[in-house]
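The values are calculated or read from the model by the stated rules, or taken from the named source; none is laboratory data. Since the model is a prediction, treat every value here as computed from it, not as a measurement. FYI the Cβ positions are ideal-geometry reconstructions off the backbone, even for glycines, and counts take in every protein chain you see. Just the protein is used for accessible areas: all its heavy atoms, side chains included, with ligands, DNA and RNA removed. Shrake-Rupley method; radii C 1.70, N 1.55, O 1.52, S 1.80 Å.
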Amino acid sequence: MKFYDNSAGHKFAMQAWAEFKLQKTKGARIQHAFDASHAKTVEENRRYIRAVIDALLYTACQNEAQRGHRKGSQSGNRGNFLEFLDMIYRYDEIVKKKLSGPGNAKYTHHDIQNELLDIIAGMIRKDISKEVMEAEHFALIMDETKDVSKQEQLSIVVRNLHQQSLHEEFLDFTAAESLDADALLKKIMETS
């Protein structure tokens with residue numbers, strides 16, 4: 001044993017070191033628990049948003065209206081999207097937990113539905129654009145018609161020959177401010 005082992009300074013330093021190691025070990029366990037809890041929450045949120053997107057995609061692909069006339073919980077039919085999500089709710093505990101949670105965290109408001117659909121549409125347009133870029137030949141088809149309010153509506157479709165197969169994809173349906181060549185070119189550029 002060395003002479004400084006019994007000094008007050010050494011004993012204090014050893015005690016401080018032991019407390020530091022204990023704190024570091026406990027802190028690591030607490031941090032690990034926080035990390036695990038956070039990871040679980042993130043995974044639950046991802047699973048829930050996938051269910052919301054699946055409900056949106058299902059109703060969109062079936063050409064069904066997303067929303068009903070009344071969205072209240074007492075309504076017999078709150079719209080296809082919410083009714084489909086309620087069906088998932090019955091079989092998925094995470095969806096049930098999230099739909100029963102705070103009103104601002106359900107992601108079922110019509111503005112959020114529209115935003116998610118816009119994001120999905122953008123992703124689909126990106127895939128179509130990539131396919132057209134790889135295509136041997138392509139053509140744009142544009143048509144206009146007046147709606148009941150006498151507003152010019154423009155539809156844009158792309159047709160391409162890709163891997164010896166003909167594909168036709170609807171890109172956009174939008175109001176047309178003007179039908180001259182410059183305005184139509186501008187709409188094409190905005191759509192792609």
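Do we find a residue being among the acidic types (Asp, Glu) and either at pLDDT 70 or above or open to solvent by 100 Å² or more (accessible area, probe 1.4 Å) (or both) anywhere in region 2-16? No, that holds for no residue.
Taking the criterion of being free of Cβ contacts under 8 Å to residues at least 40 places away in the same chain and among the polar types (S, T, N, Q), would at least one residue in region 118-133 satisfy it? There is no residue in region 118-133 that is free of Cβ contacts under 8 Å to residues at least 40 places away in the same chain and among the polar types (S, T, N, Q).
Hey, among the residues in region 86-127 that are among the small types (Gly, Ala, Ser) and part of a loop (DSSP other than H, G, I, E, B), which one's surrounded by the fewest Cβ atoms within 10 Å (Cβ to Cβ)? Top of the filtered list is SER100.
Scan region 22-34 and tell me whether some residue there is in a helix (DSSP H, G or I), open to solvent by less than 60 Å² (accessible area, probe 1.4 Å) and at pLDDT 75 or above. No, the conditions are met nowhere in region 22-34. Restricting the search to region 67-85, which residues are open to solvent by less than 40 Å² (accessible area, probe 1.4 Å), at pLDDT below 80 and not small (Gly, Ala, Ser)? Passing the criteria: only ARG78. If you go through region 128-158 and keep only what is in a strand (DSSP E or B), open to solvent by 90 Å² or more (accessible area, probe 1.4 Å) and within 25 Å of GLU177 (Cβ to Cβ), you end up with ASP143, LYS146. Of everything in region 42-66 that is modelled with pLDDT under 85 and surrounded by fewer than 16 Cβ atoms within 10 Å (Cβ to Cβ), the residue that is nearest to ILE112 (Cα to Cα) is ALA65.
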